[in-house]
Ligand code: AR6
């Protein structure tokens, strides 16, 4: 299986890239973004400042500072506003653009958090379905990606992903 579901702190993983659920400013924040900047140290913020910012659904890459991962792919999820503002397509773009960036940088193992499902309020069941339905076909057609880890911090997300992937 190229996909695994784990209940972990994403900052502890020794993978080629961990994905950050950032905001458009790339200046850090709460949730997983805060945890990543705390664990990785201040060099990450410096790199983010150089990049400048990131649009919703897009992705950018930095090093991972003091964390065991090699890189951080920062992507910006949509703020959930009822579903009528293209939120689903934008969340799909987060997963697809992060994977494209990973391929462009020859990264083979990637860990995703549950983008959008915390502060940004995206319904967890819909977000999990979008994540799996975007990542699965992408990596089936992209042999350079060896492993994708879905890192579920809370039990509800873990159960949703386990059900989607293992029934
Ligand atoms: N490891 C893995 N997952 C985590 C961790 C962790 N250490 N900490 C939290 N999560 P959120 P969003 C989960 O709010 O909804 C920030 O302020 C968390 O349980 O981090 O995309 C940014 O700067 C949830 O399931 O991201 C933005 O302003 C998931 O990560 C805004 O929040 C995503 O929750 C982005 O909001």
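The values are calculated or read from the model by the stated rules, or taken from the named source; none is laboratory data. From a predicted model like this one, the values you see are computed outputs, not experimental measurements. Cβ placement follows ideal geometry from the backbone for every residue including glycine, while neighbour counts extend to all protein chains displayed.
Among the residues of the range 53-61, at least one is under 16 Å from residue 28 (Cα atoms), within 15 Å of the ligand (Cβ to nearest atom) and more than 16 Å from the chain's Cα centre (by Cα). Cβ-Cβ contacts under 7 Å between residues 6 or more apart (or on different chains), taken from a first residue in the range 14-38 that is closer than 12 Å to residue 60 by Cβ and in contact (Cβ under 8 Å) with a residue 12 or more places away in the chain to a second residue that is assigned to a helix (DSSP H, G or I) and more than 6 Å from the ligand (Cβ to nearest atom), are listed as 17/102; 19/98; 20/36; 26/48; 26/51. Which one of these is more than 16 Å from the ligand (Cβ to nearest atom) and either within 27 Å of residue 39 (Cβ to Cβ) or at pLDDT 95 or above (or both): 104, 154, 159? It is 104.
In the range 84-97, the qualifying residues are those that are touching a helix residue (DSSP H, G or I) at 6+ places or on another chain (Cβ under 8 Å) and more than 19 Å from residue 145 (Cα to Cα), and the one that is nearest to the ligand (Cβ to nearest atom) is 91. Determine whether the range 74-89 contains at least one residue that is within 19 Å of residue 117 (Cβ to Cβ), over 16 Å from the mean Cα position of the chain (by Cα) and surrounded by 17 or more Cβ atoms within 10 Å (Cβ to Cβ). Among the residues of the range 74-89, at least one is within 19 Å of residue 117 (Cβ to Cβ), over 16 Å from the mean Cα position of the chain (by Cα) and surrounded by 17 or more Cβ atoms within 10 Å (Cβ to Cβ), which makes the answer yes. Considering the range 33-52, the residues that are within 9 Å of the ligand (Cβ to nearest atom) and closer than 23 Å to residue 103 by Cα include one that is surrounded by the most Cβ atoms within 10 Å (Cβ to Cβ), namely 36. If we keep just the residues of the range 118-151 that are near the ligand (Cβ under 9 Å from one of its atoms) and either surrounded by fewer than 19 Cβ atoms within 10 Å (Cβ to Cβ) or under 11 Å from the mean Cα position of the chain (by Cα) (or both), which is nearest to residue 61 (Cα to Cα)? If we take residues in the range 118-151 being near the ligand (Cβ under 9 Å from one of its atoms) and either surrounded by fewer than 19 Cβ atoms within 10 Å (Cβ to Cβ) or under 11 Å from the mean Cα position of the chain (by Cα) (or both), then 151 is nearest to residue 61 (Cα to Cα).
On the basis of being in contact with a strand residue (DSSP E or B) (Cβ under 9 Å, 6 or more places away or on another chain) and either exposed (fewer than 14 other Cβ atoms within 10 Å of the Cβ) or not in a loop (DSSP other than H, G, I, E, B) (or both), does residue 103 make the cut? No, not satisfied.
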